[in-house]
Amino acid sequence: MHLDNWGLKAKKLGFRSRAVFKLEEILEKTNALKGCKNVLDIGAAPGGWSQLIKYKLKTANVFAIDILDIEPIKGVNFFQKKVEDIDLVKDIFLLKGKINLVISDLAPNLTGISVIDEANIYELNDITLDVAVEYLSKSKGVFIIKTFQNSMLKKLRTKMISIFDDVQTFKPAASKKQSAEIYLYGAFKG
Ligand SMILES: C[S@@+](CC[C@H](N)C(=O)[O-])C[C@H]1O[C@@H](n2cnc3c(N)ncnc32)[C@H](O)[C@@H]1O
């Protein structure tokens, strides 16, 4: 497997994915970890983002879910479940309204047929946004979601603007220029 500089850096530091540097840049620019206690990582496998949160904030309670299983990470409570069934995870359900940061790197399986893929991405993003709003603390809660530049992006961003007090868009340096991926940030300021 070919590893670029970000991939090599991730390997050297013991992170499971190069995606950690994309999240790190957004966390640093937004100061999203300040005062953070409970973090929910949606679509967490293989676990890079959860590793990064634990690395940067040792005291954080990290809850993570994915359809796929992961190798255990010290201090991370992982549940093998799809985001659609998150309410069935009792330990997470008990934290409704108490999560300070929800991060989602979810990506559906692609069919290669853009109209279907864009609809699937939007549907999954929309479910994740609804979950984030239910679980986040309305006092300074932050949501960071990976999505894609396509015909549905505006709809997602507009919905986030109607919910959050502050919405920002990021294309981190570690995200390949030719990749359509893009990151949205939403924060409650209350
Ligand atoms: C790009 S990977 C996440 C990488 C991770 N952030 C990291 O740094 O290691 C996207 C993940 O989304 C998961 N996923 C896709 N659909 C899902 C769903 N409906 N519910 C939960 N996880 C899902 C996939 O299984 C995959 O592991």
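Worth a mention:
- Just one of (1) buried (at least 18 other Cβ atoms within 10 Å of the Cβ); (2) closer than 17 Å to residue 43 by Cβ; (3) aliphatic (A, V, I, L, M) fails for residue 127. It is (1).
- For the stretch 137-190, a tally of residues being surrounded by fewer than 17 Cβ atoms within 10 Å (Cβ to Cβ), within 16 Å of residue 34 (Cβ to Cβ) and of a type in the set (Ser, Thr, Tyr) returns 1.
- Residue within the stretch 101-118 that is under 14 Å from the mean Cα position of the chain (by Cα), within 11 Å of the ligand (Cβ to nearest atom), surrounded by fewer than 20 Cβ atoms within 10 Å (Cβ to Cβ) and over 17 Å from residue 50 (Cβ atoms) present: yes
- Residues being within 25 Å of residue 67 (Cα to Cα) and assigned to a loop (DSSP other than H, G, I, E, B) are represented in the stretch 152-169 by at least one member.
- Considering the stretch 37-72, and only residues there that are under 22 Å from residue 94 (Cα atoms), within 15 Å of the chain's Cα centre (by Cα) and surrounded by fewer than 22 Cβ atoms within 10 Å (Cβ to Cβ), the residue that is farthest from the ligand (Cβ to nearest atom) turns out to be 38.
- All conditions in (1) of a type in the set (Phe, Trp, Tyr); (2) under 23 Å from residue 140 (Cα atoms); (3) away from the ligand (no atom under 12 Å from the Cβ) hold for residue 122, with the sole exception of (2).
Bear in mind these aren't lab numbers, they're just calculated from the coordinates by the rules spelled out. Quick caveat: nothing in here was measured; it's all calculated off a predicted structure. In this analysis, Cβ positions are derived from the backbone assuming ideal geometry, glycine residues included, and neighbour counts consider all displayed protein chains.
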